[in-house]
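To start, the structure itself, in structure tokens.
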Amino acid sequence: MTTIDIPEGSLFGIDNLPYGVFEADGAAPRVGVRVADTVVDLAATLGDDVFAQPSLNPFMAQGKARWDEVRSRIVELVQGDLPAEALHAVSDVTMRLPFDVADYVDFYASENHATNLGKLFRPDSAPLMPNWKHLPVGYHGRSSTVIVSGVDVVRPCGQRKLPGDDAPTYGPSVRLDIEAEMGFVVGVPSPLGSPIAPDEFAEHVFGAVIVNDWSARDIQAWEYVPLGPFLGKSFATSVSPWVVPLAALDAARVATPVQDPTPLPYLQGEQKWGLDIDLAVEWNGDVVTRPPYAGMYWSPAQMLAHTTINGAASSTGDLFASGTISGPEKDQRGAFIELTWGGKEPVEVAAEQRTFLEDGDEIAISATAPGASGGRIGFGEVRSRILPATETGR
Ligand SMILES: O=C(O)/C=C/C(=O)CC(=O)CC(=O)O
Ligand SMILES: [Ca+2]
Ligand SMILES: [Mg+2]
């Protein structure tokens, strides 16, 4: 038997306890919880087969009473002795995609981001569309191309019309970009015809991950009028491997900014679901921007309420992302198209002047939030490398 040493200031103390799916010692992938730099094998310590699965979905479907019970049990367990064979060093495990992604939806909830993209893409119109302050604008993405941190991203090819060209051409994207976002994972499903109210958020949502919603701006700009993003955003969406439970985010809950005009009643709730999460984006080892989640105009509770208000069902494993997180300052912008103002104002990255992503670039997005006992908790990171395009020859 052995105890886990939690160093002072660890981002993975008992205030956090995120869940993931890990593989170690050639055994089948299974559910673990991270404590400091240790992964605890939950099937081995709790003796429950729901954790001997390659996905969090069966556990997430069990509901909040069970999530709370397991969390309390883990707090007790990790403060005592644990069987050494149930513990693995984080550096010795491979992390898998933590849940089977059902539907994937992406929102557009940052007023600073929406305003900046409006100015860049629609310089002759008002930057915010007339609907933007009345509903959280979103689109359905592609769940089958959600990948976990560590999986490389191949530069997409597609149809795009480059500046100065009269006709579109096919080829590798030349304006490949990131979008720093937070994503929320549904545990308890809702049936057709049964909308989820904002104050029912915590009964349905299991936890949160960091999302990098890779975007090919040249493909996007040509294809997305008038129906919205399609192939420019469906080639890869990366998520961090540790799902931070909603219960760990209590100390991070804040009010959203004042919403004026007042949203319709179905978007109103008593509970505060703004979140004080700080992100940092590292580009080839240099932190180039620090987007603050706390300023997001629409809360995740409002996003889920909006997604289901037409009677749409939701499923265990649904992932909905916030949209790019941008603050008011230049060094808080969550996408490079904004940070470099459409590629016109390069930024210094590892002593080079850069605009969009080049082959071989590595991006790591990390995030932290206040924890229950005064310290901070971490989401870990989503880290990925860009590989050159593989021409399909069409
Ligand atoms: O405003 C536009 O024309 C384009 C916006 C985006 O590309 C952003 C998007 O997909 C949603 C987001 O991440 O905020
Ligand atoms: Ca996005
Ligand atoms: Mg699907």
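The values are calculated or read from the model by the stated rules, or taken from the named source; none is laboratory data. Because the structure is a prediction, the values reported are computed rather than measured. With ideal geometry, Cβ positions are generated from the backbone for all residues, glycine too; neighbour counts draw on all protein chains shown.
So if I check each of S144, S91, S72, which one is within 21 Å of the chain's Cα centre (by Cα), among the polar types (S, T, N, Q) and modelled with pLDDT of 95 or more?
Working: S91 fails: within 21 Å of the chain's Cα centre (by Cα); S72 fails: within 21 Å of the chain's Cα centre (by Cα).
Every option except S144 fails the conditions.
I'm trying to understand the selection: among the residues of region 31-40, which are surrounded by fewer than 22 Cβ atoms within 10 Å (Cβ to Cβ) and more than 13 Å from D92 (Cα to Cα)?
A36 - this is the single residue of region 31-40 that is surrounded by fewer than 22 Cβ atoms within 10 Å (Cβ to Cβ) and more than 13 Å from D92 (Cα to Cα).
Within region 210-235, take every residue that is among the β-branched types (V, I, T) and within 10 Å of ligand 1 (Cβ to nearest atom) and give me the one that is surrounded by the most Cβ atoms within 10 Å (Cβ to Cβ). Before the answer, list the steps.
Within region 210-235, the first condition is being among the β-branched types (V, I, T), and the residues that meet it are 210-211, 219, 225.
Checking the rest, the ones that are also within 10 Å of ligand 1 (Cβ to nearest atom) come to 211, 225.
On the way: V211: 28, V225: 9.
That would be V211.
Considering only region 346-355, I want to know if a residue exists there that is assigned to a loop (DSSP other than H, G, I, E, B) and either within 16 Å of ligand 2 (Cβ to nearest atom) or under 21 Å from the mean Cα position of the chain (by Cα) (or both).
Here is the first cut: in region 346-355, the ones assigned to a loop (DSSP other than H, G, I, E, B) are 346, 350-351, 355.
Next cut, either within 16 Å of ligand 2 (Cβ to nearest atom) or under 21 Å from the mean Cα position of the chain (by Cα) (or both) only: none.
There is no residue in region 346-355 that is assigned to a loop (DSSP other than H, G, I, E, B) and either within 16 Å of ligand 2 (Cβ to nearest atom) or under 21 Å from the mean Cα position of the chain (by Cα) (or both).
When only residues in region 132-143 that are under 20 Å from G295 (Cβ atoms) and part of a loop (DSSP other than H, G, I, E, B) count, which is nearest to ligand 2 (Cβ to nearest atom)? It would help to see each step written out before you state the result.
So the first thing to find is which residues in region 132-143 are under 20 Å from G295 (Cβ atoms), and the list is 132-138.
In the following step, the residues that additionally are part of a loop (DSSP other than H, G, I, E, B) were identified as 132-137.
On the way: W132: 15, K133: 19, H134: 20, L135: 17, P136: 13, V137: 11 Å.
Of everything passing the filter in region 132-143, V137 is nearest to ligand 2 (Cβ to nearest atom).
Can you tell me which residue is farthest from G375 (Cα to Cα) among those in region 1-37 that are of a type in the set (S, T, Y) and modelled with pLDDT of 95 or more?
Here the residue is Y19.
Condition (residue is within 16 Å of ligand 2 (Cβ to nearest atom), more than 18 Å from the chain's Cα centre (by Cα) and not aromatic (F, W, Y)) applied to region 318-338: is it met by at least one residue?
There is at least one residue in region 318-338 that is within 16 Å of ligand 2 (Cβ to nearest atom), more than 18 Å from the chain's Cα centre (by Cα) and not aromatic (F, W, Y).
With a cut-off of at least 1 residues that are within 16 Å of ligand 1 (Cβ to nearest atom) and surrounded by 20 or more Cβ atoms within 10 Å (Cβ to Cβ), name the helices (runs of 4 or more DSSP H) lying wholly within region 41-121.
Values: elements: 42-46, 57-60, 64-78, 111-121.
Once the helices (runs of 4 or more DSSP H) in region 41-121 are filtered for at least 1 residues that are within 16 Å of ligand 1 (Cβ to nearest atom) and surrounded by 20 or more Cβ atoms within 10 Å (Cβ to Cβ), what remains is 111-121.
Could you give me the residue pairs with C-beta distances under 6 Å whose first residue belongs to region 205-229 and is part of a loop (DSSP other than H, G, I, E, B), whose second residue is modelled with pLDDT under 95 and more than 11 Å from ligand 1 (Cβ to nearest atom) wherever it lies, and which are 6+ apart or on separate chains?
Nothing qualifies.
Looking only at region 374-381, decide whether some residue is modelled with pLDDT under 95, more than 17 Å from the chain's Cα centre (by Cα) and either under 20 Å from Y108 (Cβ atoms) or in a loop (DSSP other than H, G, I, E, B) (or both).
Within region 374-381, one or more residues are modelled with pLDDT under 95, more than 17 Å from the chain's Cα centre (by Cα) and either under 20 Å from Y108 (Cβ atoms) or in a loop (DSSP other than H, G, I, E, B) (or both).
P241 is checked against (1) modelled with pLDDT under 95; (2) buried (at least 24 other Cβ atoms within 10 Å of the Cβ) and fails just one. What number does that condition carry?
(1)
Go through (1) in contact (Cβ under 8 Å) with a residue 24 or more places away in the chain; (2) among the β-branched types (V, I, T); (3) touching a Leu at 6+ places or on another chain (Cβ under 7 Å); (4) away from ligand 3 (no atom under 16 Å from the Cβ) one by one and return the number of the condition V101 breaks.
Unmet for V101, out of (1) in contact (Cβ under 8 Å) with a residue 24 or more places away in the chain; (2) among the β-branched types (V, I, T); (3) touching a Leu at 6+ places or on another chain (Cβ under 7 Å); (4) away from ligand 3 (no atom under 16 Å from the Cβ): (4).
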